[in-house]
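The values are calculated or read from the model by the stated rules, or taken from the named source; none is laboratory data. Just so it is clear, the model here is predicted, and its values are computed rather than measured. So basically every Cβ, Gly included, is an ideal-geometry build from the backbone, and we count neighbours across all protein chains shown. Areas reflect the complete protein model, heavy atoms only, side chains present, ligands, DNA and RNA absent. Shrake-Rupley method; radii C 1.70, N 1.55, O 1.52, S 1.80 Å.
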Amino acid sequence: MARESKAALRERAAAIFARLQAAYPDAHCELDFRNAYELTAATILSAQCTDKRVNMVTPVLFARYPTPAHLAHAKQEDVEAIIQSTGFYRNKAKALIGMAQVVVRHYGGEIPRVMEDLVALPGVGRKTANVVLGNAFGIDAGVVVDTHVARLSQRMKLTKETDPVKIEHALMPLFDRAQWTLLSHLLIWHGRKTCDARKPRCGDCVVADLCPSRGIGD
């Protein structure tokens, strides 16, 4: 197979984005939240847990701790009891309380809007920071790379990278900055609905003719 030029790759990436956007016009973050604090907490809880499960837990969590100031003074065992079903609940409870304490102590109780400040919070890595910046603040700072985004970007030969950060930096030049947040949602929705990890439904795929891996699900 001939090596794809950078220009051709970017053109194919643009076509993939356009088709996925048409196929999933309602693609959005599936974590329920009302503000940046709630999204930060929900994203911390979503590690190795489904969005559906997180959404079952957060109403109780936020009713009990509606602001970072409330959560900063929480007892760890009380938070653990609420979030236990999300898995790894001890570490997550510690991260949630620690995050809230730093936000109160250093940011006046408001979630910061800068990548460097966000990743300095307990429990917050680059992926979580990108989720918060893109969906709570409308700031396209990067591309959220979860398992779906990683899998699809490799299958579609948008990158050969396997490390999430390297995948992110490979994807960013292929798409307009204003598309970065939505790109993640589109790939996640397509990964859940069509491009399954074990048996992708290539016959139902709207970008099959743009995908070098088409037919692997046959």
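Before moving on, here are some points about what is shown:
- In the range 59-88, the residues that are in a helix (DSSP H, G or I), under 23 Å from residue 120 (Cβ atoms) and either touching a strand residue (DSSP E or B) at 6+ places or on another chain (Cβ under 8 Å) or of a type outside the set (A, V, I, L, M, F, W, C) (or both): 68, 70, 76
- The numbered conditions (1) surrounded by fewer than 21 Cβ atoms within 10 Å (Cβ to Cβ); (2) assigned to a loop (DSSP other than H, G, I, E, B) are all true for residue 121 except (1).
- Candidates 20, 9: the one that is more than 20 Å from the chain's Cα centre (by Cα), part of a helix (DSSP H, G or I), surrounded by 14 or more Cβ atoms within 10 Å (Cβ to Cβ) and not basic (Lys, Arg) is 9.
- Screening the range 95-118 for residues that are assigned to a loop (DSSP other than H, G, I, E, B) and among the charged types (D, E, K, R) and picking the one that is farthest from residue 67 (Cα to Cα) gives 113.
- Condition met for residue 152 (open to solvent by less than 10 Å² (accessible area, probe 1.4 Å), in a helix (DSSP H, G or I) and farther than 24 Å from residue 71 by Cα): yes
- Scan of the range 177-217 for residues that are open to solvent by 80 Å² or more (accessible area, probe 1.4 Å) and either within 26 Å of residue 132 (Cα to Cα) or of a type in the set (Phe, Trp, Tyr) (or both), ordered by number: 177, 178, 192, 193
- Taking the criterion of being assigned to a helix (DSSP H, G or I) and open to solvent by less than 50 Å² (accessible area, probe 1.4 Å), the residues of the range 124-149 that qualify are 128, 129, 130, 131, 132, 133, 134, 135, 136, 148, 149.
- Under the condition of being within 26 Å of residue 3 (Cα to Cα), among the charged types (D, E, K, R) and part of a loop (DSSP other than H, G, I, E, B), the residues counted in the range 155-200 number 5.
- Scan of the range 60-99 for residues that are under 19 Å from residue 131 (Cβ atoms) and either open to solvent by 30 Å² or more (accessible area, probe 1.4 Å) or touching a residue at least 60 places away in the same chain (Cβ under 8 Å) (or both), ordered by number: 88, 91
- Residue 218 passes every criterion in (1) modelled with pLDDT under 95; (2) among the acidic types (Asp, Glu); (3) in contact with a helix residue (DSSP H, G or I) (Cβ under 6 Å, 6 or more places away or on another chain) apart from (3).
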